[in-house]
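The values are calculated or read from the model by the stated rules, or taken from the named source; none is laboratory data. All figures in this text were calculated on a predicted structure; none of them were measured in a lab. Quick reminder, even Gly has a Cβ in these numbers, built from the backbone with ideal geometry, and neighbours come from all protein chains shown. Just the protein is used for accessible areas: all its heavy atoms, side chains included, with ligands, DNA and RNA removed. Shrake-Rupley method; radii C 1.70, N 1.55, O 1.52, S 1.80 Å.
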Amino acid sequence: MDILTGCTGSIAAEVVKCTAKPVIRHVGYLFRFKKTVDDLAKAKTDLQLEQQKVQEAIERAAMNNEIAEKDVERWLTNVNQLMEEVQALENKVQVNLRLCNGWCPDWIRQYKLCKEAIQKTNVVKELQDKGKFSELTHRAPTPGLEIFSSSDFEVFESRKLAFQQIMEALHDDNSERIGLHGIGGVGKTTLVKEVHKKTKELNIFDEIVMTVVSLTPNVRRIQGEIAGCLNLKLDEESDMARASQICLRIKSVKKILIILDDVWKDVNLEAIGIPSCDDHRGCKMLLTTRSVHACNLMRCQRKIPLNFLVEEESLALMKKTAIVDDCPGLNDVVLEVVKECKGLPIAIITVGKALTGKSLNDWNVAKHQLRKSRLVDIEGVDEDKNAYACLKWSFDQLKRKTKLCFLLCSLFPEDYNIPIEELTRYAMGLEEFEDFHSLDEVRRQVHAAINSLKDSSLLLEGSTKEFVKMHDMVRDIGLWITSKGENEFELRACTRLERNTNLERATAISLIDDNTEQLPDNLVCPRLNILLLGRIRSSKEISNTFFEGMNCLKVLTLKDKILSSQSLELLTNLRTLYLRNCNFSDDLSSLGKLKRLETLSFYECAMVALPTEFGEMASLKMLDLTDCTRLKQIPPNVIGRLSQLEELIIKGSFENWDVEGTTSEKSNANLSELNSLPRLVILSLELNSNHLPKGFVFPDLHRYFISISSRFWKPHVYGSLTCINSRTLEIKDLNASSMNALKSLLHTVEYIWIESCEMECVADTIGGNHTVTFGNLVELYLIEMRYLRTICEGPNQNEIFSNLTVLAARGCPRLISLFSPSLAQSLKKLKELYLYRCHEMKQIISEEGMILESHGQPICLSKLETLEVEDCGKLEYIFPISVARGLQQLERLKLRDLRRLKKVFGQNREGEVGDCEIESHHQPTGFPKLKTFKVVNCENLEYIFPISIARDLPQLESLTVEDLPQLKQVFGDGNNSVLSKLRKLRLKNLPELVSLGGGNSSSVWPSLERLYVENCPKVKLSFFANVEANVPALQKLIRGQQFEEDMPSFISIFNFELHVLKITYFLSFFISIFLSFSLSFYSLLPALSSSWKILFRWVLVARYVIGVTGSDGFGNVEEQVSSESHLQPLCFPKLNKVDVRSCNKLKSLFPMTIADSLLELKVLVVKENSQLMEVFTHEGDARVQKDVTLPQLDLMELNGLPSLVNFCPKNYQFILPKLWKLEVESCKNMRTTFTYTPARIVLINGEVAQIDEPTGIPTNSPVLTICPATNDIRWTGFYFLPRR
């Protein structure tokens, strides 16, 4: 018995021992809650620190061209996911602590949370242990160097090597400054531009900045260029303040590359605003320079040489440039010439272009001339052989006047946009061009010289066609040539004004952009011919004695100066005077003494009146008063006495022309004086119609810009034309007799704007009148022409507008048709046609013109690219089909507010080919280049295109169809149409629209990116089925369930942004198709990487956003989800905002099953949904009690919901710990309670214990509970009050 007892005791002890530990462990969950939570927090912190170390190591390695190992990336992804899970658990813990508030804890809840926290802590520690990697990164593959797409960049091995060295240095943490050095013209700038492009493509840096420094750095310009690259607005005036702004902006960029081109010496980076390497480790600098010494001064860690081309590369470049054929004898000489170019790319190109198409003898002559060239005075250049000799040789090959233009260009600063017109006026002032009889001939010669220099690569294209630039190395050659005066013009130039500079032999001084502190009171320059003065730092004033020692001066430019005209009266040899933004201390009368002055330019100058003495300048050929806005008086007969005047430019300036029949204290010049100028050929002026003297006719002019009562000139409309080279008329409010003043100009006019003039026709050929043919007219604008009946009247119209490219008519109420048949037939060059508010227009081409085709004279607007017709109320069609077939270049078509339009392209007339017969006649169909088509508010339009045109729209990218109440289909009946490039489709307010095409047509849109459909109630479900079936991205998404990479395509198809799902004014067809997609679509939502929103507006028939589709036959989505085991549960883990309004069939918003997934929901707005009964609904067991927390919800509005009974089922309690604003209004049947707790938490369907402050004893009375059935609620912040 004792033995039995002992055995029994032993067994019992063992049983207790085996069961005690699990019991103690589970009981411990209740009493170690705080320690468990603290342990989890500590483990989380440790893991975050480990994650940060790994992430920083990867970022450092990335700057050294290394990438993370796959297992490291996977570990970081797991850490991020685990951190989210831990954060969610901590949120639950915090909610639990708030609910119990230290009293009466929920033991079951606490037990579960403690158990989960212990498990999560173990997972965190395990993942931290896995973060001990032996290798974090590995070196990334070297980016391919074989692709260079820049047109100026030749793929030579010597360039590839330098390029590769630069790219490697950019990835090297120890190379913060990189210097690329080489002789001028070797290709440094071209190479760093390619580096700029490649680094941008590879996304190596967050920002890339490039600016030119040059020999004399202009700090403000450099600061402006850097600020422009960084989209920084510089508000400060001082250089130091601007530098501070730039420095702060650069420091805000984590990784930035700054490229400084053309550095000559140590640059004061601090003055510019570029931080030092120590101040910003993420800032790398790449500079180009001609010397290694400059690299040393700039403390470059890597110095990369860009050497000359090797012989093989040079020969290849020469053959490409000079287009040399393979010929044994010629090849030998070409090779000898290449050797003399010394591998300098710019020299090879200039010599090659000069010898293009030349004979073997020419190449031999070039070879011998190159061998004789010596430029021994350029520092660092070999005395016997040098690359500069090539450019000197190219200069020597130029014609005499081209050489002069070249040397004049070298007088402008480095990297300067040289205005060709300004250059022309300098040339006009030199005796070199005296053999030409007119200024316009000189201008043509200068333009020819400029073109020759550009062809020779001695000049470059400027910012626009009115400007040119000069390579700085080429400029150096020009300055070298002029520095010694050893040229055929004896031109000796000086571009710096320094102390003790001997200017007695100087013939040209250029200080356009000089840093001179102060001009002296006078300069002794007895041989000076050219003086160009720009801004001076300290003072704008010019001394009255400044010009006393310049008796030979012929060309003078002053910019931003204050002076007296008396200081100029001694310059009796002056021929060109160019004044820009200058002010005067006297009345300018002394200028009348400049008897030899030929060109006088006042640009933006501040004088109020011209003196009478101006009429004494007997040699004056040009007077330019552009933008002298203060000029109010030109005395009578001043202009009339300038008998040699060829060009008069008064634009943006004087407008007070004398009006006949009026008296004034200050009389002014009269337009009749223009007829006293027999040599006048260029005129630009602005005036009012009452300034035209009776019977006055403008003289016959070569070029002109005349604006009468009009201020609507838009340069971007007409191109980059200037007053000098255009033939433009702007006229407004002229009657028939006043129009006679322009009769001498109408046969040459190229651009004409006619507004509110008393004209019945523009051109009249009745009675054999061919004086006005408009044969040169390029653009014609007819604005508010109340009396205009037709553009052209009379026979023989086929040549009148033969060069017209743009025609616009707006507000011409009497125009019934725009073109006669013969006129339309002659518009072979018409590219743009705009018609607005021509209310009586019935046809664009009059109907009788439709007979022409049967006579073998088809009307073909073959060049038309843009067609816009708007608010032409009687127009029934645009063109007949026979004309439409010829619109093979049409790219843009816009039709708007055409009330009677029945067809875009109407029926053919008798004898013409019908639409159904087109193919048999082998005629071109469709619009092969149409890209954009928009038709809006054409209430009688039933379809847009016949199918013969619709099936040939291969380039159509955007189609907009709006407000067409009769439209049933976009295209007529016929075969399938393939819109292969359609990216945007917008259909709005089309109540009768059934489909895009008739019959069984289905459109294929493989490129569709955006689909917008609004208020199209009759569109069939098959329309959207076609979208699903025929858009590859959507088809892949639905069937393959691809996640992030395909989500943008899918979302944008339905007008959704990536983070926004927006459904606006759709009917049942859309809701049905949306629900058919729901199973796959909702399963993708967890994969979205950013917060997103749902917004519904005016969805009139939907019964559920998610849930039962009722009679539509789709069943219950939740049941479908559960029946498909491979699909994820329905959830919205990233949903940020829900806004549902005016969906009057909606019964409920969400099923309860997804409530727990709304962890990021911040905004919930439900308004004006008349049949909504529950926001959250559930058909399960009503006895199940459950709490649901929406941890991020901070705004909720329920408004205008008369049928709403419950926010959620009564057995559910919603906890809103962060709710900041609550509005519940006009919900009179609602029975849900809202409770505000002491912990500032809002409960829905819940009550909490309240602590009695004096006793500290908890009670069961809620702090505040409101039922909206009797009260509206509006609560913001900490105030929660009912509204009566």
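Residue pairs, Cβ under 6 Å, 6 or more apart or interchain, first in the range 855-881 and assigned to a strand (DSSP E or B), second aliphatic (A, V, I, L, M) and at pLDDT 90 or above. List them.
867/833; 867/893; 869/835; 869/895
Looking at the range 180-190, can you tell me whether even one residue there is assigned to a helix (DSSP H, G or I) and not β-branched (Val, Ile, Thr)?
Quick first cut of the range 180-190, residues assigned to a helix (DSSP H, G or I) only: 188-190.
Okay, now just the ones that are also not β-branched (Val, Ile, Thr), so 188.
Yes, the range 180-190 contains a residue that is assigned to a helix (DSSP H, G or I) and not β-branched (Val, Ile, Thr).
Among the residues of the range 276-293 satisfying the criterion of being open to solvent by less than 20 Å² (accessible area, probe 1.4 Å) and in contact with a strand residue (DSSP E or B) (Cβ under 6 Å, 6 or more places away or on another chain), which is farthest from residue 172 (Cα to Cα)?
My answer is 289.
Does residue 216 qualify as being touching a Phe, Trp or Tyr at 6+ places or on another chain (Cβ under 9 Å) and β-branched (Val, Ile, Thr)? Steps first, answer last, please.
Working: touching a Phe, Trp or Tyr at 6+ places or on another chain (Cβ under 9 Å): yes; β-branched (Val, Ile, Thr): yes.
So residue 216 fits the description; yes.
Filter the range 625-634 down to the residues that are open to solvent by less than 10 Å² (accessible area, probe 1.4 Å) and within 41 Å of the chain's Cα centre (by Cα) and list them by number. Give the steps one after another, and end with the answer.
First, the residues of the range 625-634 that are open to solvent by less than 10 Å² (accessible area, probe 1.4 Å): 625, 628, 631, 634.
Scanning the range 625-634 gives 625, 628, 631.
So, in the range 196-236, how many residues would count as being farther than 18 Å from residue 179 by Cβ, hydrophobic (A, V, I, L, M, F, W, C) and open to solvent by 20 Å² or more (accessible area, probe 1.4 Å)?
Matching residues across the range 196-236 total 6.
Answer yes or no: is there a residue in the range 406-414 that is open to solvent by less than 10 Å² (accessible area, probe 1.4 Å) and hydroxyl-bearing (Ser, Thr, Tyr). Show your work before the answer.
Start the filter on the range 406-414 by keeping residues that are open to solvent by less than 10 Å² (accessible area, probe 1.4 Å), which leaves 406-412.
Keeping just the survivors that are hydroxyl-bearing (Ser, Thr, Tyr) gives 410.
There is at least one residue in the range 406-414 that is open to solvent by less than 10 Å² (accessible area, probe 1.4 Å) and hydroxyl-bearing (Ser, Thr, Tyr).
Filter the range 176-195 down to the residues that are surrounded by 18 or more Cβ atoms within 10 Å (Cβ to Cβ) and not β-branched (Val, Ile, Thr) and list them by number.
176, 177, 179, 180, 181, 182, 184, 185, 187, 188, 191, 194
Yes or no, residue by residue, for (1) of a type in the set (S, T, N, Q); (2) open to solvent by 10 Å² or more (accessible area, probe 1.4 Å); (3) assigned to a strand (DSSP E or B); (4) free of Cβ contacts under 8 Å to residues at least 60 places away in the same chain:
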residue: 775; (1), (2), (3), (4): no, yes, no, yes
residue: 788; (1), (2), (3), (4): no, no, no, yes
residue: 791; (1), (2), (3), (4): no, no, yes, yes
residue: 796; (1), (2), (3), (4): yes, yes, no, yes
residue: 799; (1), (2), (3), (4): no, yes, no, yes
residue: 803; (1), (2), (3), (4): yes, yes, no, yes
residue: 813; (1), (2), (3), (4): no, yes, no, yes
residue: 825; (1), (2), (3), (4): yes, yes, no, yes
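Please determine whether any residue of the range 67-87 is open to solvent by less than 70 Å² (accessible area, probe 1.4 Å), at pLDDT below 80 and assigned to a helix (DSSP H, G or I).
Scanning the range 67-87 turns up no residue that is open to solvent by less than 70 Å² (accessible area, probe 1.4 Å), at pLDDT below 80 and assigned to a helix (DSSP H, G or I).
Could you check the range 421-464 and list, in sequence order, the residues that are buried (at least 20 other Cβ atoms within 10 Å of the Cβ), β-branched (Val, Ile, Thr) and under 30 Å from residue 263 (Cα atoms)?
450
Can you report the number of residues in the range 190-214 which are farther than 18 Å from residue 270 by Cα and among the aliphatic types (A, V, I, L, M)? Steps first, answer last, please.
Within the range 190-214, the first condition is being farther than 18 Å from residue 270 by Cα, and the residues that meet it are 190-208.
Going one step further and asking which of them are among the aliphatic types (A, V, I, L, M), we end up with 191-192, 195, 202, 204, 208.
Number of matching residues: 6.
Please go through the range 91-114 and give me each residue that is at pLDDT 70 or above and either within 20 Å of residue 1217 (Cβ to Cβ) or open to solvent by 70 Å² or more (accessible area, probe 1.4 Å) (or both), ordered by number.
Just the residues of the range 91-114 that are at pLDDT 70 or above, to begin with: 91-97, 108-114.
Within the range 91-114, 91, 92, 93, 94, 95, 96, 97, 108, 109, 110, 112, 113 meet the criteria.
Do we find a residue being under 30 Å from residue 365 (Cα atoms), in a helix (DSSP H, G or I) and among the polar types (S, T, N, Q) anywhere in the range 454-465?
No.
Given the criterion within 28 Å of residue 553 (Cα to Cα), out of contact with any Pro (no Cβ under 6 Å at 6 or more places or on another chain) and of a type in the set (D, E, K, R), identify the matching residue among 461, 434. Outline the logic, then answer.
Numbers: 461 fails: within 28 Å of residue 553 (Cα to Cα).
After ruling out the rest, the residue left standing is 434.
Quick check on residue 1144: is it polar (S, T, N, Q), at pLDDT 90 or above and either open to solvent by 10 Å² or more (accessible area, probe 1.4 Å) or more than 42 Å from the chain's Cα centre (by Cα) (or both)? First the steps, then the outcome.
Working: polar (S, T, N, Q): yes; at pLDDT 90 or above: no; either open to solvent by 10 Å² or more (accessible area, probe 1.4 Å) or more than 42 Å from the chain's Cα centre (by Cα) (or both): yes.
For residue 1144, the condition - polar (S, T, N, Q), at pLDDT 90 or above and either open to solvent by 10 Å² or more (accessible area, probe 1.4 Å) or more than 42 Å from the chain's Cα centre (by Cα) (or both) - is not met.
For the range 237-273, what are the residues that are among the aliphatic types (A, V, I, L, M), open to solvent by 10 Å² or more (accessible area, probe 1.4 Å) and within 15 Å of residue 299 (Cα to Cα)?
Those that are among the aliphatic types (A, V, I, L, M), open to solvent by 10 Å² or more (accessible area, probe 1.4 Å) and within 15 Å of residue 299 (Cα to Cα): 267, 269.
Might you let me know whether the range 372-388 holds any residue that is hydrophobic (A, V, I, L, M, F, W, C), modelled with pLDDT under 80, at negative phi and buried (at least 21 other Cβ atoms within 10 Å of the Cβ)? Walk me through it before giving the result.
Here is the first cut: in the range 372-388, the ones hydrophobic (A, V, I, L, M, F, W, C) are 375-376, 378, 381, 387.
Those left that are additionally modelled with pLDDT under 80: 375-376, 378, 381, 387.
Pick out the ones that are also at negative phi and you get 375-376, 378, 381, 387.
So of that shortlist, the ones also buried (at least 21 other Cβ atoms within 10 Å of the Cβ) come out as 387.
Yes; the residues of the range 372-388 include at least one that is hydrophobic (A, V, I, L, M, F, W, C), modelled with pLDDT under 80, at negative phi and buried (at least 21 other Cβ atoms within 10 Å of the Cβ).
With (1) over 30 Å from residue 87 (Cα atoms); (2) crowded, with 21+ Cβ neighbours inside 10 Å as the list, and residue 1196 as the residue in question, which single condition is left unmet?
(1)
Suppose we filter 1181, 1156 for residues that are modelled with pLDDT under 80 and closer than 21 Å to residue 1211 by Cβ; which single one remains? Walk me through how you get there before you give the answer.
Numbers: 1156 fails: modelled with pLDDT under 80.
Being modelled with pLDDT under 80 and closer than 21 Å to residue 1211 by Cβ holds for just one of 1181, 1156, which is 1181.
Table: residues versus (1) modelled with pLDDT under 90; (2) over 36 Å from the mean Cα position of the chain (by Cα); (3) hydroxyl-bearing (Ser, Thr, Tyr).
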{"residue": "765", "(1), (2), (3)": "yes, yes, yes"}
{"residue": "773", "(1), (2), (3)": "yes, yes, yes"}
{"residue": "783", "(1), (2), (3)": "no, no, no"}
{"residue": "787", "(1), (2), (3)": "no, yes, yes"}
{"residue": "807", "(1), (2), (3)": "no, no, no"}
{"residue": "847", "(1), (2), (3)": "yes, yes, no"}
{"residue": "852", "(1), (2), (3)": "yes, yes, no"}
{"residue": "871", "(1), (2), (3)": "no, no, no"}
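Can you find a residue in the range 710-719 that is in contact with a helix residue (DSSP H, G or I) (Cβ under 9 Å, 6 or more places away or on another chain) and either at pLDDT below 90 or of a type in the set (A, V, I, L, M) (or both)?
First, the residues of the range 710-719 that are in contact with a helix residue (DSSP H, G or I) (Cβ under 9 Å, 6 or more places away or on another chain): none.
No, there is no match, as no residue in the range 710-719 is in contact with a helix residue (DSSP H, G or I) (Cβ under 9 Å, 6 or more places away or on another chain) and either at pLDDT below 90 or of a type in the set (A, V, I, L, M) (or both).
With the checklist (1) modelled with pLDDT of 85 or more; (2) surrounded by fewer than 21 Cβ atoms within 10 Å (Cβ to Cβ) in hand, flag the one item residue 1186 doesn't pass.
Going through the list (1) modelled with pLDDT of 85 or more; (2) surrounded by fewer than 21 Cβ atoms within 10 Å (Cβ to Cβ), residue 1186 breaks only (1).
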